[in-house]
Structure formats: C-alpha cells, structure tokens
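Data block below; observations after.
The values are calculated or read from the model by the stated rules, or taken from the named source; none is laboratory data. For clarity, every value in this text was computed on a predicted model and none was experimentally measured. Note: ideal-geometry Cβ built from the backbone for every residue, glycine included; neighbour counts use all protein chains shown.
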Amino acid sequence: MIYDVIVLGGGPAGITAAIYGKRAGLDILVIDESPKSGGQILTTYEVDNYPGLPKIGGMEIGEKFREHADMLGAEFAVGRVSSIEKEDEIFLLRTRKEVFRTRTVIIATGAGHRALGAPGESEHMGMGVSYCATCDGAFYKDKVTAIVGGGNVALEDALFLARTSKRVYLIHRRDEFRGDKVLADQVRATENITLVLDSVVESINGQMKVESIDVKNVKTEEMLNIAVDGVFIAVGITPNTERIAGLPERNEQGYIVAGEDCETNIPGIFAAGDVRTKQLRQVITSASDGANAIFSVQRYLNTQKSKG
C-alpha cells in the first residue's frame, strides 16, 4: 500500500496530524516507537495550560488525543524508522521489519530534555522535578524552587519563576552564565533569586515529593542542603533526529529547519512539533504544527496531481 502521508511520532503534533489527516480524507499512518500515544506529555504529572482542560494529567490527555484519532479511524504502527529514501515520487520508510511507502512524510519525533543524571531525578519526575518552567511553574506559587543551568533558558526560567515563587535558587556549575548578558543582569538584580554558582546538584531528595537538594561546590567541595519544593532542570534539549538517515536540513542543534508551514528543504517531507526550529515548544504549539503540516501536505499532493 502507498499512503498519502506517514507521520513519524505519536505525540501531540503527530496525533493532531492524524486527526486532521483523516478529516481531510487522507490515507494516513502514524508510526511510533511506543504503543502509547502522547510523547513527552506522558511523563508530565499535570498539564495546566492546555485550553479547556485545566489540571489534566499527562497520561489522561495523551489517552484523549489517541481516542480522538482512533475514533476517526487513523492507523497506527509500532516501530522505529531508521531511514527515509525517495524512489521516483514515493518515499520509502525502513524499519527493522518492514518498508512503508508514502507520498509524503511528517516528521514529528519530538525532542527530549537532557537529564542531569543526579540520584533522585527520575524518581521525582512529575513530583517536584520538571523540565519546563512555563508548563509547571504555576504549581509553585509562593513556594521555593530551584533552577539548574546557565544558558538563556535557565535564566529566562529563573525570571519567570521569580514572579510567583517565594524564592528561586539558580544553580550553575560555573561562575559565569552562558546566556545573554542582559538576562544575566536581570537575574542578578532580581531580589528573590539566589545564585548558587560553581556548584552542581549531587542529589534530589524527598519521600513522595521533592523536599530538598544536595549541592556541591566544585571548587571547595563544600556540600549544601537546600530545602526546595520543586527543581526545574534547564541543561538543554535534544531533538530526536539522530537515529534516522535521510532527514532534511537541520541546524547546529539538530532541529529540522522548517517554518510555520512545516515545510522542509525536501519537497514532500514536513516537520512538526518539538523536532522543528521554533520559538516555543508546548503541547498547544505542537498540536498547531500537526494541523499546519496536514494543510501543507494537502497543498503538496494537489500540486503533484496537477503535474501528473
């Protein structure tokens, strides 16, 4: 079978593409490495910024997305695509077991937050450990939080949290920030942000939720225990693009270069969600990409038909 479009990834962008694709009457297949749809959102304890669904669990919203796509008859397959090749006007997508054929491809494989690797990090994910201050910061109003990192994201997150948190500790392994000076100056001037420089997080502690962090000064080796309600880790995001051969153009960070129309430098291949170059990576912007990608797919297919 030759599909009209195959979507790589079952997160918010991929599922939205499936929903819009079926509504447009396209033959569409979603290939995901996991049998559970939702992507990163499945590891989020609570989502409070998706319109109309306040305080919904990450697992629950992922299930609702998938139910919607299933209701429309979207087709799903579990597997990992290792390469994308083009033969005449058809794309060949290779997995370990099969070769899928399609007229267009939407890459929606997402991105993953780089972990610290500190003891207690994975155990407290969603229970005080977060990788997105704009997603989860509202849960820590009038509480004590910590940000780990020294780039622009960490600085912006510290300023964002300082608006509502009682106290924000910004922990960075060096004595100078990697982020822009204007942001660093704002952070230093913000009264309720405490800098903990030349330091690394040794462990994240707590029973049912985060209660404190152990921090070590890398120069003096002095240990410090800081009582916090939440830890926000901002040490980088890595797009899930490394394991697929034949991808479109990527930038220095590995993100696929594509604008709001989701078009890449390879006609017929589109990029949607966290995997593409964009300003904001949230559930709602990923869903928007999924819809835009299908619109671009339809335009591409119509152009190909007119050529034939």
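Observations on the structure shown:
- From the options Ile213, Ile294, Ile266, residue that is assigned to a strand (DSSP E or B) and either at negative phi or basic (Lys, Arg) (or both): Ile213
- Residue satisfying all of: in the range 269-303; exposed (fewer than 14 other Cβ atoms within 10 Å of the Cβ) and farther than 25 Å from Ala69 by Cα; modelled with the lowest pLDDT among these: Gln279
- For the range 93-148, the strands (runs of 3 or more DSSP E) that sit wholly inside it and include 2 or more residues that are under 30 Å from Leu26 (Cα atoms) are 99-107, 111-113.
- Every residue from the range 178-210 that is assigned to a loop (DSSP other than H, G, I, E, B), hydrophobic (A, V, I, L, M, F, W, C) and at pLDDT below 95: Met208
- Restricting the range 235-268 to residues that are touching a Leu at 6+ places or on another chain (Cβ under 7 Å) and of a type in the set (A, V, I, L, M, F, W, C) leaves a set whose member that is modelled with the lowest pLDDT is Val235.
- Verdict on Ser82 being surrounded by fewer than 16 Cβ atoms within 10 Å (Cβ to Cβ) and assigned by TED's automatic domain parsing to the domain that holds Gln282: yes
- If you filter the range 216-236 down to residues that are within 27 Å of the chain's Cα centre (by Cα) and part of a strand (DSSP E or B), you find that the one that is farthest from Asp175 (Cα to Cα) is Gly230.
- Residues that are free of Cβ contacts under 8 Å to residues at least 40 places away in the same chain and not aliphatic (A, V, I, L, M) within the range 212-239 comprise Ser212, Asp214, Lys216, Asn217, Lys219, Thr220, Glu221, Glu222, Asn225, listed in sequence order.
- Criterion violated by Asp229 - all others in (1) surrounded by fewer than 19 Cβ atoms within 10 Å (Cβ to Cβ); (2) over 30 Å from Ile84 (Cα atoms) satisfied: (1)
- Qualifying position, being part of a loop (DSSP other than H, G, I, E, B) and closer than 21 Å to Val153 by Cβ, among Gly254, Gly259: Gly254
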